[in-house]
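In what follows, a single structure is set out as structure tokens and then discussed.
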Amino acid sequence: MAETTNSGPAPSAVIDLKSRLPYHIEGNGSEGRVERFLDAFAAVLEHTDYKPLLDSYCRTTNKCNRCSVTCPVYQVTGDPRDVPCYKTTLLLSIYQRYFTLGGWLNARFTPNRFELTEDVIAEMAEVFYRCTACRRCTQECPMGMDHGLITRLGRYILSLTGIAPKALQVSVREQLEGETHNTSKVPATAMLHTLEFLQEEFSDQFGIDLDVPVDKKNRDYVFFCAVSDYLMEPDTLLGNLAVLHAAGDWDRWTIGTGNFDGINYGLFYSDWHLERIIKQLVGEVDRLGGKNILIGECGHASRSAHDFVPVFGGAQTRPVVSFIEYTLDCLRRGKIKLNPDIITEKVTYHDPCNMSRGGWIVNQPREILKSFVKDYVEMTPHGRNNYCCGGGGGLVSIDEIHDFRMKVGGKTKADQIAATGAQICIAPCANCKKQLKELVEFYEIPCEVMGLHDLILKAIEIPGGKSAEERKEEAELYAM
């Protein structure tokens with residue numbers, strides 16, 4: 001197994017994201033970019049509520065560097081640019097210099113102080129995307145500064161200036177303007193074919209025929225998963241179907257063909273895109289007359305819906321329910337049963353930052369796992385203090401910085417997984433699963449990464465269907 005200690009792969013001092021991060025740059029390259037940046041910053045201040053927050057941050061100190069001890073990127077690199085408050089100071093300095101009276105007066109006497117130049121913009125374009133936006137630093141800041149939010153604000157202004165990673169731009173453009181209206185360009189017909197495959201697979205595994213409800217009106221739940229699950233995570237979706245069927249709630253939910261993607265990359269870099277995608281999601285629920293929004297296993301999809309449907313949903317706002325919450329409720333009420341004799345491997349759990357950092361989804365998945373997993377082990381630290389997978393903040397979608405994600409962003413998480421000795425790592429998030437699967441392969445860690453409902457699929461008992469023991473025996477025979 002490859003070494004994952006501090007003497008392992010080379011630090012990011014030799015990984016220059018400036019030359020690797022593919023930006024979509026609108027207009028004539030860098031021509032007039034300083035003016036565009038300042039115009040974009042001014043527009044954000046005029047049309048949002050960021051100004052009072054920035055004014056508050058400017059009145060406090062933000063250079064104590066306590067955040068450095070919590071940042072997994074800085075812990076690997078030791079690069080001062082990776083200290084969270086360095087990034088915050090970079091943007092606050094520009095704000096003070098150009099958008100406060102004191103800064104304007106100081107500039108009369110020291111015109112070069114905090115001056116915005118092409119080099120400063122280039123630095124921001126790099127350092128804001130060296131951050132996974134996990135917001136672990138926020139918990140350590142004695143002044144309560146949300147450095148992750150400031151990083152995201154910096155990305156937002158850069159995107160309005162015309163600077164954003166191509167991977168994010170292309171996905172969002174397809175979601176908002178493309179024919180499929182989802183980030184993976186999956187047509188509704190292809191999604192329906194996937195559902196047919198899942199129905200056949202469900203019948204093979206459980207001996208039960210299903211007809212997945214599509215475009216049904218006035219159901220209790222309209223289901224949105226990360227659209228990539230339809231392409232790469234069939235066991236996660238099968239686990240979702242198994243819980244819904246076993247709980248007797250098959251007639252209470254539906255999938256819509258107008259919009260079936262829970263992904264919202266606007267959360268990573270653009271409030272404008274974030275709002276439009278939320279309204280698109282809520283519009284589909286309204287079209288179907290659904291009562292609740294049921295979000296599958298995806299950290300950022302869950303957080304963007306949970307936090308921003310109430311903000312941008314208007315009169316169409318619906319309650320947002322995580323599938324993990326739904327499953328736990330079914331378990332507590334005795335609506336589903338999980339066989340405790342099926343999973344014999346040592347299991348650990350990775351907390352997706354977007355669900356756990358704020359304390360929303362922390363204990364629920366653990367209660368589910370401990371109900372049927374005999375050999376469960378925690379990472380250290382975990383829960384609200386967890387370490388990011390290394391691909392947060394949208395970085396996992398940028399394949400060009402794979403080396404950075406492996407050797408820097410995800411190195412601490414790789415060390416954590418290896419230290420547990422777990423054979424299975426549960427990660428209920430599409431982005432985390434992609435990143436962690438690449439990590440365990442890169443570091444040759446003998447651990448399988450899967451979703452929570454992938455594991456539930458193995459242990460769930462469905463009345464009238466094949467038992468968990470029978471399915472396990474069949475799987476073992478098939479694997480021989």
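The values are calculated or read from the model by the stated rules, or taken from the named source; none is laboratory data. For clarity, every value in this text was computed on a predicted model and none was experimentally measured. Cβ placement follows ideal geometry from the backbone for every residue including glycine, while neighbour counts extend to all protein chains displayed.
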Practice prompt. Exactly one condition in (1) buried (at least 23 other Cβ atoms within 10 Å of the Cβ); (2) touching a Phe, Trp or Tyr at 6+ places or on another chain (Cβ under 8 Å); (3) closer than 30 Å to Glu476 by Cβ; (4) of a type outside the set (Lys, Arg) is not met by Ile342; state its number.
Written response: (1)
Worksheet item: Taking the condition of a type in the set (Lys, Arg), more than 20 Å from the chain's Cα centre (by Cα) and not assigned by TED's automatic domain parsing to the domain that holds Met232, does Lys407 pass?
Response: no
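Can you confirm whether Thr317 is at pLDDT below 95 and either crowded, with 23+ Cβ neighbours inside 10 Å or in contact with a helix residue (DSSP H, G or I) (Cβ under 7 Å, 6 or more places away or on another chain) (or both)?
yes
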Discussion item. Where the second residue is of a type in the set (Lys, Arg) and outside any strand (DSSP E or B) and the first is touching a residue at least 60 places away in the same chain (Cβ under 8 Å) and under 11 Å from Ala247 (Cβ atoms) and lies in segment 329-341, which pairs have Cβ atoms under 7 Å and are six or more apart or on separate chains?
Written reply: none
Item to complete: Identify the residue in segment 355-383 that is under 30 Å from Arg152 (Cα atoms) and touching a Leu at 6+ places or on another chain (Cβ under 8 Å) and, among all such residues, is surrounded by the most Cβ atoms within 10 Å (Cβ to Cβ).
Response: Pro365
Worksheet item: Restricting attention to segment 197-224, and to residues there that are among the hydrophobic types (A, V, I, L, M, F, W, C) and part of a helix (DSSP H, G or I), which single residue is surrounded by the fewest Cβ atoms within 10 Å (Cβ to Cβ)?
Response: Phe197
Discussion item. Here are the criteria: (1) of a type outside the set (Phe, Trp, Tyr); (2) closer than 17 Å to Asn240 by Cβ; (3) under 24 Å from the mean Cα position of the chain (by Cα). Tell me which single one Arg318 does not satisfy.
Written reply: (2)
Worksheet item: Scanning segment 25-57 for residues that are touching a helix residue (DSSP H, G or I) at 6+ places or on another chain (Cβ under 8 Å) and not in a helix (DSSP H, G or I), which turns out modelled with the highest pLDDT?
Response: Thr48
Worksheet item: Yes or no: Gly258 in contact with an Asp or Glu (Cβ under 6 Å, 6 or more places away or on another chain), over 22 Å from Lys185 (Cα atoms), of a type in the set (Gly, Ala, Ser) and not assigned by TED's automatic domain parsing to the domain that holds Val396?
Response: no
Worksheet item: Which of (1) among the basic types (Lys, Arg); (2) within 27 Å of Tyr326 (Cβ to Cβ); (3) more than 17 Å from the chain's Cα centre (by Cα) does Arg384 not meet, given it meets every other one?
Response: (3)
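Out of the residues in segment 425-442 meeting the condition of being farther than 23 Å from Ser184 by Cα and surrounded by 22 or more Cβ atoms within 10 Å (Cβ to Cβ), tell me which one is farthest from the chain's Cα centre (by Cα). Talk me through it step by step, then tell me what you get.
Going residue by residue through segment 425-442, those that are farther than 23 Å from Ser184 by Cα are 425-426, 440-442.
Right, trim to surrounded by 22 or more Cβ atoms within 10 Å (Cβ to Cβ) and you get 425-426.
Values: Cys425: 17, Ile426: 15 Å.
Within segment 425-442, the match that is farthest from the chain's Cα centre (by Cα) is Cys425.
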Discussion item. Kindly evaluate Ala10 against the criterion of being in contact with a Lys or Arg (Cβ under 7 Å, 6 or more places away or on another chain), outside any helix (DSSP H, G or I) and either modelled with pLDDT of 95 or more or on the phi < 0 side of the Ramachandran plot (or both).
Written reply: yes
Practice prompt. Output the qualifying pairs, or none if there are none: Cβ atoms under 6 angstrom, residues six or more apart or on different chains, first residue in segment 156-178 and at negative phi, second residue among the charged types (D, E, K, R).
Written response: Tyr156/Asp271; Thr161/Arg36; Glu174/Lys185; Leu176/Arg276
Worksheet entry | Residue in segment 351-364 that is part of a strand (DSSP E or B), modelled with pLDDT of 95 or more and touching a helix residue (DSSP H, G or I) at 6+ places or on another chain (Cβ under 9 Å) present | no
Discussion item. I'd like to check something: does segment 451-459 contain any residue that is closer than 22 Å to Thr380 by Cβ, crowded, with 22+ Cβ neighbours inside 10 Å and under 20 Å from the mean Cα position of the chain (by Cα)?
Written reply: yes
